[in-house]
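Below is one structure, written out as C-alpha cells; the observations come after it.
The values are calculated or read from the model by the stated rules, or taken from the named source; none is laboratory data. Nothing here was measured: the structure is a model prediction, and the numbers come from that model. Cβ sites come from the backbone with ideal geometry, for glycine too, and all protein chains shown count toward neighbours. Side chains are part of the model used for accessible areas, which takes the heavy atoms of the whole protein and leaves out ligands, DNA and RNA. Shrake-Rupley method; radii C 1.70, N 1.55, O 1.52, S 1.80 Å.
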Amino acid sequence: MVAKIRDIRTIFTAPEGINLVVVKVETTEPGLYGLGCATFAYRHLAIKGLIDDYLKPLLVGRDVANIEDIWHLMHNNAYWRNGPVVNNAISGVDMALWDIKGKMANMPLYQLFGGKSREAVPIYRHADGNDFNELCENISKYKEQGITHIRCQSGGYGGGFYGKAPKESPLGSQDGVYLNSKKYMRDTIKLFEDIRSKFGYDVELCHDVHERLAPIDAIKFARELEQFDLFFLEDAIPLEQGEWIRQLRQKTTIPLAQGELFNNPYEWKFLIIERIIDYIRVHMSQIGGITPSRKLQVFAEQFGVRTAWHGPGDMSPIGHAANIHLGITAHNFGIQEWSGTEPPNFVIQELKGPKDALLEVFSGVPEYRKGYVYPNEKPGIGIEINEKAAVKYPCENTVTTWTQTRSIDGTIHTP
Ligand code: MG
C-alpha cells in the first residue's frame, strides 16, 4: 500500500489549562492518519504558522513510508535549524508518521523499535508542598500508590510564584518569580535530611535544580546532597554553561540527569561521549520527535548513559505515549517522568482544569499501575483525540509569567 500525505493540521486544546499542540497528518488512504505531539505550550501559535505555511506545502503528496527522508527534509529545508519552534513542529509531523507506520504494520510502536525489554516502565512522580508537612503528605500518598521514585521540592523550585519583588530587592524592581539561591540551597539540604529521617532509604529520591544556581553553587550543593543518596540530581548546570558540568562530575558522585532544554545534538554529544551524565532527559518534541530521540537513545546506550525522558504536564498524552514506547524497548532505559492521569497533587499557577477533562479529549493514554506505566497495545502510538471535545478547552495566548524568574537584585535568571 502506498499512502501519501494529503493534509496536515494543527489541533489546539488545553483541557488542564496548559496549551497542548497536536499535529494530525491525514493520508490518501481513507481512515489512515497519524497524530503527533508538537507541544510548545508558550509559543503555540508559532507552531501552527510553521505547519500551515511551511511544512504542509513541503510535504503534501509525499510517501508517508519514508520517515527518515522526510525528517531530514524538514530539518534542512529552512537552512537554519535546531530551534525549539521548528523542532516542535517537525516533531508533530514525525510522531504522526510513526503513528501511521505502526497502523500500517498493525503493531504498537514499540514493536517497530525491537519489541519489549520490559513489560512496563518504572516512573517517578513529582512531589511538592508549601512546607515540609505538605510535602510529606504528598510523598506518603505517592508511596501508598506504589510509587518507588519521587522527585521532591518545596516552594516551587526555590522561587515561589510570580508577584511583587521582595523587600530585599532594589526599589522599583519589576514583578517576577524571585529566587533566593542561598536560602534555596540551605532549605533543600534540610528538606532532604528531614525526608530521609522520616521515610528512611526505602524510597528513591530525585531533585531538580531547574538551572536555578550559579555553577559553583551547584557544585557545592551537589556535594552536600550526596549524603542523602539521591537517584539523580537534575539540570544542576544551565544549558548555556554546559562545560561546567565536567567540574561538577569530577567533584561529586551524585548521579546527574541533564537535558530537558536541549535542542541541538552538540548540546548532548560531549556529555555522553565523555560519560559526564548518567541520565539523558531530553524533551522528545523539543529535539524533533521520535526519529532523533530513538537515535539518541541508541547512541547513549553505547556509552552506558540511561534514559530519563522529560515527561511534564506541558506535553500532550501523545508525547507521553511516545516516551513509554521508547522506554519499553530501550535496553538503557533508566526512569520515566510521569505527570499522571491521576489527579495532580501540586497545582501550578497556570493549571486550571481537572484530569478528567484531559481524558475526555484523549483516549488510549498509557495506564499507571503500582509503580509502572503500561503502553496500550493499539497499532501506532495508540492515542486518539476527540476533536469535538478538544475545542471545548481552547488554548489561551497569554503572557507567560512563571518564566519571568529574577535574582534578588532584580536580574533576569533562567527559569
Ligand atoms: Mg526539570
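For region 269-287, taking the residues that are open to solvent by 20 Å² or more (accessible area, probe 1.4 Å) and part of a helix (DSSP H, G or I), the one that is nearest to Ala322 (Cα to Cα) is identified as Gln286.
Checking the structure you have, find out if any residue of region 216-229 is of a type in the set (Gly, Ala, Ser) and open to solvent by 20 Å² or more (accessible area, probe 1.4 Å). Within region 216-229, not a single residue is of a type in the set (Gly, Ala, Ser) and open to solvent by 20 Å² or more (accessible area, probe 1.4 Å). Can you find a residue in region 201-214 that is surrounded by fewer than 17 Cβ atoms within 10 Å (Cβ to Cβ), of a type outside the set (A, V, I, L, M) and either more than 24 Å from Gly371 (Cβ to Cβ) or within 16 Å of the ligand (Cβ to nearest atom) (or both)? Within region 201-214, not a single residue is surrounded by fewer than 17 Cβ atoms within 10 Å (Cβ to Cβ), of a type outside the set (A, V, I, L, M) and either more than 24 Å from Gly371 (Cβ to Cβ) or within 16 Å of the ligand (Cβ to nearest atom) (or both). The helices (runs of 4 or more DSSP H) found entirely in region 67-169 that carry 2 or more residues being closer than 26 Å to Gly382 by Cβ are 67-77, 84-105, 109-112. Pro166 meets each of the listed conditions (1) free of Cβ contacts under 8 Å to residues at least 60 places away in the same chain; (2) in the same structural domain as Thr291 (by TED's automatic domain parsing); (3) loosely packed, with under 15 Cβ neighbours inside 10 Å apart from (1).
Taken residue by residue, region 39-46 has no member that is at pLDDT 95 or above and over 26 Å from Ala357 (Cα atoms). Leu191 fulfils the conditions (1) away from the ligand (no atom under 16 Å from the Cβ); (2) open to solvent by 40 Å² or more (accessible area, probe 1.4 Å) except for a single criterion, (2). Being open to solvent by 40 Å² or more (accessible area, probe 1.4 Å) and within 22 Å of His283 (Cα to Cα) narrows it down to one residue among Leu45, Leu55, Leu97, Leu20; which is it? Being open to solvent by 40 Å² or more (accessible area, probe 1.4 Å) and within 22 Å of His283 (Cα to Cα) holds for just one of Leu45, Leu55, Leu97, Leu20, which is Leu45.
Applying the criterion of being among the hydroxyl-bearing types (Ser, Thr, Tyr) and touching a residue at least 40 places away in the same chain (Cβ under 8 Å) to the residues of region 291-316, the residue that is nearest to the ligand (Cβ to nearest atom) is Ser316. Take the residues in region 377-413 that are over 30 Å from Val25 (Cβ atoms) and not in a loop (DSSP other than H, G, I, E, B); name whichever of them is nearest to the chain's Cα centre (by Cα). Among those that are over 30 Å from Val25 (Cβ atoms) and not in a loop (DSSP other than H, G, I, E, B), it is Thr405. Would you point out which residue out of Pro238, Pro265, Pro255 is within 16 Å of the ligand (Cβ to nearest atom), within 24 Å of His331 (Cα to Cα) and open to solvent by 10 Å² or more (accessible area, probe 1.4 Å)? Checking each option against the conditions leaves just Pro255.
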